[in-house]
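Inspection log for the structure reproduced underneath, given as structure tokens.
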Amino acid sequence: MKSRNLVLAAAGLGLALIGIAPVTAGAETSGDVSAQVTRKSAACTSPSGQKINISWGDGSVSTTVYYNNHCNQARAIELEFVRESGERFNKCFVAPAKTKSSKKIDNGSPNKVSILSRSTCP
């Protein structure tokens, strides 16, 4: 049994060296491994020196924005999307004060993501 494990480990190492990751039984893979993670932050009005931090990936079907709001006030996060026709539209949500969470938006690949200075969406 030990020699079988050694052979599997060597095969996995060989695949890793040529840039192919072996898939193990029960492992889940996403269809798009090329998604880039983008991060932004903005200063809080109070407490001084604190920030709201957000990150998101460039998904093709949906976008999940992860946020960690260290501010004493809620902050609105606005995403701009562009349809194939060139039409622009926005989706907005509010990150409550002192909250760490995420929000899934049913549109992918936002053109622009902004942390608004106010606590309400336009």
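The values are calculated or read from the model by the stated rules, or taken from the named source; none is laboratory data. Quick caveat: nothing in here was measured; it's all calculated off a predicted structure. For neighbour counting, all protein chains shown are included, and Cβ atoms are generated from backbone atoms with ideal geometry for every residue, glycine included. Side chains included, ligands, DNA and RNA excluded: accessible areas come from the protein's heavy atoms. Shrake-Rupley method; radii C 1.70, N 1.55, O 1.52, S 1.80 Å.
So the values come out like this:
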{"quantity": "Length gained when the stretch Asp106-Thr45 is fully extended (0.36 nm per residue, less Cα-Cα span)", "calculated": "18.9 nm"}
{"quantity": "Heavy-atom SASA rank of Asp58, Asp106 (probe 1.4 Å, accessible area, largest first)", "calculated": "Asp106, Asp58"}
{"quantity": "FRET E, pair Lys98, Gln36, Förster distance 41 Å, beta-carbon r, rounded to 0.05", "calculated": "0.90"}
{"quantity": "Carbon/sulfur fraction of accessible area - the stretch 58-107, other protein chains in place, 1.4 Å, %", "calculated": "42"}
{"quantity": "Protein-only accessible surface order, largest first, of Arg75, Arg88 at 1.4 Å", "calculated": "Arg88, Arg75"}
{"quantity": "Straight-distance crosslink candidates among lysines, where the alpha carbon sits under 21 Å from Lys112 and sequence neighbours closer than 8 are dropped", "calculated": "Lys40, Lys51, Lys91, Lys103, Lys104"}
{"quantity": "Heavy-atom SASA rank of Leu79, Leu116 (probe 1.4 Å, accessible area, largest first)", "calculated": "Leu116, Leu79"}
{"quantity": "Glu78 accessible area, 1.4 Å probe, all protein chains in place, Å² to nearest 10", "calculated": "40"}
